[in-house]
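Visitor: Handing you this structure, nothing more for now.
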Amino acid sequence: MAQNINVDISRTDEPNGKGEPAHRTRNTCPTCASHYREDEMVRNLRVCTNCGHHFPVTARERILQLVDDGSFAEIAAGLHSSDPLGFTDSRPYPERVDAAMRSTGLRDAAVVGAAAIGGTPVALAVMDFSFLGGSMGSVVGEKFARAADLALERRLPLVSVAASGGARMQEGVLALMQMAKTVASVDEMQEAGRPFISVLVHPTTGGVAASFAALGDVVIAEPGALLSFSGPRVVKQTTGESLPDDFGLSESNFRHGHVDLIVPRPELRDMVARVAAILAGGTPYRPPSLVGEIDPVGAIGRALAGARRRVTGVRPFRNGGPHVDD
Amino acid sequence: MSTTERERFGFFRRRGGERDAWHAVQLARHQDRPYTLDYLERICDDFIELHGDRAEGDDPAVVAGVGSFRGQSVAFVGHQKGRDLKQRTYRNFGMPSPEGYRKAMRVFSLAGRLGFPIVTLIDTPGAAPGVGAEQRGQSGAIARAQLTLMRVPVPVISCVIGEGSSGGALAIGVADRVLMQQNAVYTVISPEGCAAILWKDAGEAKRAAAALRPTAEACLALGVVDLIVSEPSGGAHRDHARAAELLGDAIQLELEVIAAVPPAQRRAGRRAKFRSMGAFQE
Ligand SMILES: [Zn+2]
């Protein structure tokens, strides 16, 4: 019947995607075939400067992109998954986890800690799609809860960056319960009057899309990200419907009122900083680009905005959200 | 669980294995198994179904309303499947749309305001997939339904009465006490869906079912379920009246226990219950 929690995604540029070996395709734009050296990718925040395509970003690199230099202090780094069901498909679950640990250098699909963004201290939870499709099992659920605890203890805003195919099937019904667990943490944040900013990046689907990630006081999406409960293949197979070109994408979600802002990656840090500063009730954050300082990130952002306009006819509105040119 | 509860509702020896998991899946999906409305008409002295989410429409895959249950007013929300082809289609196979979850939230909030306990009955293969469902906010509806239940000040009892699959089930499954019928299943994904993804073959559903450990006794052992509710011999489909009596007794007992807890403590306990779920090493 319905395969609602699924990691199938029509894009092929995922770290775990099939097709050509990763080293050949990783830095080649799937949209316009531009190729980048690794140092260019890092400098461009893994956004194609030709067409504006957003490549996947690992949790560690995402943290470097978002937080003030040297401000990140990881917590709960030692958590790792057990195998509550003794689950085996073609491989035992612990072997899959070990392989993911080796290939990513992470212990699970989320990294959490304390950080400052544009001078505002925050609790931060960042997911990593390259670790078993960013699937949420017990460790991801617990890490999100610990990040919320940190926000509550220190009276900080919580910022999460979701990138996930959904619940981790190998942990069975316990993985499902992580949805409610993260919702319990959001409930505590709301009761305590602490703000929660949810950033959604490609892809955020299934159990993560339908739990904490949907519950931000402010929800920000990167452009072109698949943000849906059911993946496009499941919808097509189950219902036989023909899908609109923008099925489940950020832009469609924006149009239907499910996200507050669509923010291209080069502008994401500034936007999160501005939102966090206001929601935390502190001094407004003034991005360097607005006060006339040299800002390479902003410059790239403007270049990308131009590129995207050429390709799609859509340019980012200053305060997020797609703005169709006349 | 106390010894008396064990005696009253029965406790099941560990059986495990592929055949047992698949047997449970088949019983949970049995077309003669009682559905939400079958139970409500038997356990309530009166039940008034309410319709519509006050925004888009009414979702027949979710039944929500207020009833009189053994001397007290209770709000009920449950997934609803259909028995024949026409009814199955009308009920969308028990797969809710965002309107269904929003209708549920409306009734949860109503119960919270009026001080009625909430009872939810879970029986769905999952939330409806579809272009329209996504556009109308399926993810957000499922997330907010959980949040609404997490925070209501009144007692919440949830029982898995058939298939409890994925977030579409859990959306109405956040409760102070989670019950599960003896032959119900509770899973993160349907065995077919799991098989299609992990085995690349939906035909491996039996193996997937065994691996997912969806049975009531497995869920009890994992701490996801608090109590297993007995069914008539052979399964609930054999005797609807008896199945309803057993379910009604279990709900009444649980409501008595949980209603005695002060509201603030009950809410904190509900959060702590879900907070503690999971298995990891540190
Ligand atoms: Zn490109």
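Visitor: Of all residues in region A:36-52, which are near the ligand (Cβ under 6 Å from one of its atoms) and open to solvent by 70 Å² or more (accessible area, probe 1.4 Å)?
Guide: The one that is near the ligand (Cβ under 6 Å from one of its atoms) and open to solvent by 70 Å² or more (accessible area, probe 1.4 Å): A:ASN50.
Visitor: Within the set of pairs 6+ apart or on separate chains, which have a first residue in region A:81-92 that is within 7 Å of another protein chain (Cβ to nearest Cβ), a second that is open to solvent by 30 Å² or more (accessible area, probe 1.4 Å) and part of a loop (DSSP other than H, G, I, E, B), and C-beta atoms under 7 Å apart?
Guide: A:PRO84/B:LEU222; A:LEU85/B:ARG213
Residue-by-condition table, conditions (1) closer than 26 Å to A:LEU249 by Cβ; (2) out of contact with any Lys or Arg (no Cβ under 7 Å at 6 or more places or on another chain):
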| residue | (1), (2) |
| --- | --- |
| A:THR58 | yes, yes |
| A:SER71 | no, yes |
| A:SER81 | no, yes |
| A:PHE87 | no, yes |
| A:ALA114 | no, yes |
| A:VAL126 | yes, no |
| A:PHE129 | yes, yes |
| A:LEU150 | no, yes |
| A:GLU153 | no, yes |
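Visitor: Right, here's the next one. Restricting attention to region A:172-195, does a residue exist that is surrounded by 24 or more Cβ atoms within 10 Å (Cβ to Cβ), touching a residue at least 12 places away in the same chain (Cβ under 8 Å) and acidic (Asp, Glu)?
Guide: Within region A:172-195, not a single residue is surrounded by 24 or more Cβ atoms within 10 Å (Cβ to Cβ), touching a residue at least 12 places away in the same chain (Cβ under 8 Å) and acidic (Asp, Glu).
Visitor: Still on this structure: Would you confirm, using the coordinates I've provided, whether A:ASP68 is out of contact with any Leu (no Cβ under 8 Å at 6 or more places or on another chain) and either more than 16 Å from the ligand (Cβ to nearest atom) or within 14 Å of A:ARG269 (Cβ to Cβ) (or both)?
Guide: yes
Visitor: Being part of a helix (DSSP H, G or I) and within 30 Å of A:ASP217 (Cα to Cα), is that true of even one residue in region B:152-159? Show your work before the answer.
Guide: As a first pass, look at region B:152-159 and keep what is part of a helix (DSSP H, G or I): none.
No, that holds for no residue.
Visitor: For the condition part of a strand (DSSP E or B) and open to solvent by 60 Å² or more (accessible area, probe 1.4 Å), what is the one hit in A:GLU74, A:GLU95?
Guide: On inspection, the qualifying residue turns out to be A:GLU74.
Visitor: Just give me the residues in region A:227-256 being open to solvent by 60 Å² or more (accessible area, probe 1.4 Å), part of a loop (DSSP other than H, G, I, E, B) and within 9 Å of chain B (Cβ to nearest Cβ), in sequence order.
Guide: A:GLU241, A:SER242, A:HIS256
Visitor: Also, I was wondering about something else. Here are the criteria: (1) in a loop (DSSP other than H, G, I, E, B); (2) open to solvent by less than 50 Å² (accessible area, probe 1.4 Å). Tell me which single one B:TYR39 does not satisfy.
Guide: It fails just one condition, (1).
Visitor: Oh, and also: Select from region B:260-277 the residues that are more than 14 Å from every other protein chain (Cβ to nearest Cβ) and open to solvent by less than 60 Å² (accessible area, probe 1.4 Å) and list them in ascending order.
Guide: Scanning region B:260-277 gives a single hit, B:VAL261.
Conditions (1) surrounded by fewer than 24 Cβ atoms within 10 Å (Cβ to Cβ); (2) more than 9 Å from every other protein chain (Cβ to nearest Cβ), marked per residue:
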residue: B:ARG151; (1), (2): yes, no
residue: B:CYS159; (1), (2): no, yes
residue: B:GLY162; (1), (2): no, yes
residue: B:GLY168; (1), (2): no, no
residue: B:ALA171; (1), (2): no, no
residue: B:VAL174; (1), (2): no, no
residue: B:ARG177; (1), (2): yes, yes
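Visitor: Something else: Looking at B:ASN183 and the list (1) assigned to a loop (DSSP other than H, G, I, E, B); (2) facing chain A (nearest Cβ under 9 Å), which single condition is not satisfied?
Guide: (2)
Visitor: Which numbered condition trips up A:ALA33, out of (1) small (Gly, Ala, Ser); (2) within 13 Å of chain B (Cβ to nearest Cβ); (3) within 16 Å of the ligand (Cβ to nearest atom)?
Guide: (2)
Visitor: Condition first: touching a Ser or Thr at 6+ places or on another chain (Cβ under 9 Å) and among the small types (Gly, Ala, Ser). Now tell me which residues in region A:222-249 satisfy that.
Guide: Those that are touching a Ser or Thr at 6+ places or on another chain (Cβ under 9 Å) and among the small types (Gly, Ala, Ser): A:GLY224, A:ALA225, A:SER228, A:SER230, A:GLY231, A:GLY248.
Visitor: Any idea which of B:ARG88, B:ARG113, B:ARG106, B:ARG102 is charged (D, E, K, R), closer than 22 Å to B:ASN183 by Cα and open to solvent by 30 Å² or more (accessible area, probe 1.4 Å)?
Guide: It is B:ARG88.
The values are calculated or read from the model by the stated rules, or taken from the named source; none is laboratory data. What you see is a predicted model, and the numbers here were worked out from it, not measured in a lab. Quick reminder, even Gly has a Cβ in these numbers, built from the backbone with ideal geometry, and neighbours come from all protein chains shown. Quick note on the areas: whole protein, heavy atoms, side chains included, nothing else; ligands and nucleic acids left out. Shrake-Rupley method; radii C 1.70, N 1.55, O 1.52, S 1.80 Å.
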